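Student: Structure provided below as structure tokens; questions to follow.
All of the numbers you see were taken from the coordinates with simple rules; none came from a lab. Every value quoted in this text rests on a predicted model; they were computed, and no experiment measured them. So basically every Cβ, Gly included, is an ideal-geometry build from the backbone, and we count neighbours across all protein chains shown.
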Amino acid sequence: MPRPARLLAALMLLTQPALAQTPLATQDGVTLAAQTVATGFEQPVFLTAPPGDPRLFVVEQTGRIRIIADGAVQDQPFLDLSSSISRSGEQGLLGLTFHPDFTRNARFFVYYTDPRGTITVAEGSATDPATLTILLTVPHDQADNHNGGWLDFGPDGLLYIGTGDGGAGGDPWGNGQNPDARLGKLLRIDVDAAKPYAIPPGNPFATPGGAPEIFALGLRNPWRAAFDGDLLYIGDVGQGDWEEVNVLNTSDTGANLGWNRAEGMGCFDAATCDLTGLVPPVHVYDHNLGCSVTGGYVYRGSAMPALQGRYFFSDFCTGNLMSFRLKDGQARDVIGMAEATASLGQVSSFGQDSAGELYMLTLDGTVSKLVAAAN
């Protein structure tokens, strides 16, 4: 979870979807609103859907995955890991993704911290969700924050995993720049070529020299990432000054995003430093405008065609909806930074359904859909 310290959401009775709308900013001529889909979730931190499936799967940090089907929250969780996770600080059940061929093979993957705080990636089958096979573990026992929590399949069919730097502040254990550490990294594995997984030959340390699962280095706490074709947008939570959005191509093997040599566009905790070879963010904002980025998605739905190609994200502290378009490798047409936009509260994550429409989740237990405002 992004900072600051997390507030426990009150456990409320799950309700039928409502049609209430909260007006947001006007972007590309479209006046946007957040339309309530469901409430009463317990610390929702992610939403996704299997390919071609109209259902919505909501991840609760406290350990359950709930299903919204036909506009109603189902009584029976898809998965309940409440007794198998740690819950201190930013720990818990943090991520979910479905195999690209889920309709045929029923495979899904989850990201959580086990009772010792160890980052765990496990595989399950929808035919028996309660039985999981652990694929990958990364020790994380010195602090309870900066656990990362995102995983998804890229267009290359490989599974990408975003880990935090191990916690505390300033990366005191030097994980972000350490090629032997899997913390503070974007990992990439092949879950189809071998059991439990194979190392893609294009990974920078596929041969001896570093942790072979690493695809990219230098992340602090990637809180939500999303593919748009071959591009991966990453919201990386900053330290004391800057929040940032990074964009990598699936061909950028070995990319170094800078932490903890750099924060934002400049040096971290030093007047001067060597920024040679680092991949700078495409967008940054300082702590006058927020405190903890919540990464989102590039809109590819059909309901609001004027917004096609616009990347939406937020900040956990302000709850404002923000967006930009990526042009020539930089964020352009940025909206929502200084403008007066309605706050939804503590935006913990964005989500995307199988049709490409976008959702926003808040720690008070609400799931909202991003829609064109009703007249």
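Student: Would you please give the FRET efficiency between residue 274 and residue 207, computed as 1/(1 + (r/R0)^6) with r the Cβ-Cβ distance and R0 = 22 Å, to the nearest 0.05?
Tutor: Values: r = 26 Å, r/R0 = 1.18.
E between residue 274 and residue 207, to the nearest 0.05, is 0.25.
Student: Multiply the residue separation of residue 373 and residue 127 by 0.36 nm, subtract the distance between their alpha-carbon atoms, and state the gained length in nm to one decimal. Mind dumping the intermediate values first?
Tutor: Details: separation 246, 0.36 × 246 = 88.56 nm, distance 3.93 nm.
Fully extending the segment from residue 373 to residue 127 adds 84.6 nm.
Student: Which value, in debye to the nearest 20, gives the size of the charge dipole of the chain about its Cα centre, when Lys and Arg are +1 and Asp and Glu are -1 at the Cβ? Present the calculation step by step, with values, prior to reporting the outcome.
Tutor: On the way: 22 positive and 40 negative charges, 75 e Å.
Using Cβ point charges on Lys, Arg, Asp and Glu, the chain gives about 360 debye.
Student: Find how much the distance from residue 82 to residue 267 grows on full extension, using 0.36 nm per residue of separation minus their present alpha carbon separation; answer in nm with one decimal. Present the calculation step by step, with values, prior to reporting the outcome.
Tutor: Numbers: separation 185, 0.36 × 185 = 66.60 nm, distance 4.04 nm.
Contour length minus the Cα-Cα distance gives 62.6 nm.
Student: Quick check: convex hull over the Cα atoms of the range 217-372, volume per residue in Å³, rounded to an integer?
Tutor: Expressed per residue, the convex hull around the Cα atoms of the range 217-372 is 116 Å³.
Student: Then there's this: Given the convex hull over the Cα atoms of the chain, what projected area results after averaging over all orientations, in nm²? Mind dumping the intermediate values first?
Tutor: Working: hull surface 69.4 nm².
Mean projected area of the Cα convex hull: 17.3 nm².
Student: What does the extension gain come out to for residue 101 and residue 134, with contour length at 0.36 nm per residue minus their alpha carbon separation?
Tutor: On the way: separation 33, 0.36 × 33 = 11.88 nm, distance 1.99 nm.
Stretched fully, the residue 101-residue 134 segment lengthens by 9.9 nm.
Student: Could you give the longest part of the chain that holds none of the trypsin sites (Lys or Arg not before Pro) found in DSSP loops with at most 16 neighbouring Cβ atoms within 10 Å? All intermediate terms of the calculation are to be shown ahead of the outcome.
Tutor: On the way: sites that count: 55, 116, 300.
Counting only loop sites that pass the neighbour cut-off, the longest clear stretch is 117-299.
Student: Answer with one residue from 298, 273, 283: the one whose Cα lies farthest towards the positive end of the charge dipole of the range 257-318, charges on Cβ with Lys, Arg +1 and Asp, Glu -1.
Tutor: Toward the positive end, the furthest listed residue is 298.
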